[in-house]
């Protein structure tokens, strides 16, 4: 009986050692760095898959940037001008604590900026409707005509608009002033 057990163990031993060798060999192969160049690694895909991927990439709609209109030889150079003949202010420009007054023309609220060092002539800009505009209109009805505003300038076609960010009432101090 002992011989049968010994014979069974001998039969199992070579198979187990051989399997261990195969696993160790597989680990050695995986841990070794690849010697193939990067271009060869890309060719391991099936050609049909690569063709499908290229086709999908060609079909994908990609956004294209909008380039500014270039001034040609027949077009006038210089800053764009509004309907009132004054140069348009660039979009995103902040008007910080400028004084002026609220007026209504053609059913629209407009703000007349007083002449300043930056602009020798007063400038009128339409105000985009907002809660701050509503507050300005209430203050105007209460008798306050002048305001100090901080606003962002936007531009659409040949006009500038104001998006109000802060408003202050301009209070007169009579004959006491700086």
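Quick notes on this one:
- Verdict on residue 57 being exposed (fewer than 11 other Cβ atoms within 10 Å of the Cβ) and either under 19 Å from residue 154 (Cα atoms) or modelled with pLDDT of 70 or more (or both): yes
- From 159, 98, 123, residue being in contact (Cβ under 8 Å) with a residue 60 or more places away in the chain and closer than 24 Å to residue 80 by Cα: 159
- Subset of region 129-149 (residues that are surrounded by fewer than 16 Cβ atoms within 10 Å (Cβ to Cβ) and within 18 Å of residue 160 (Cα to Cα)): 129, 130
- Exactly one residue among 123, 101 is closer than 19 Å to residue 157 by Cα, surrounded by 10 or more Cβ atoms within 10 Å (Cβ to Cβ), in contact with a strand residue (DSSP E or B) (Cβ under 6 Å, 6 or more places away or on another chain) and modelled with pLDDT of 80 or more, and that residue is 123.
The values are calculated or read from the model by the stated rules, or taken from the named source; none is laboratory data. As the structure is a computational prediction, the values presented were derived from the model and not from experiment. Note that each Cβ is placed from the backbone with ideal geometry, even for glycine, and that neighbours are counted across all protein chains shown.
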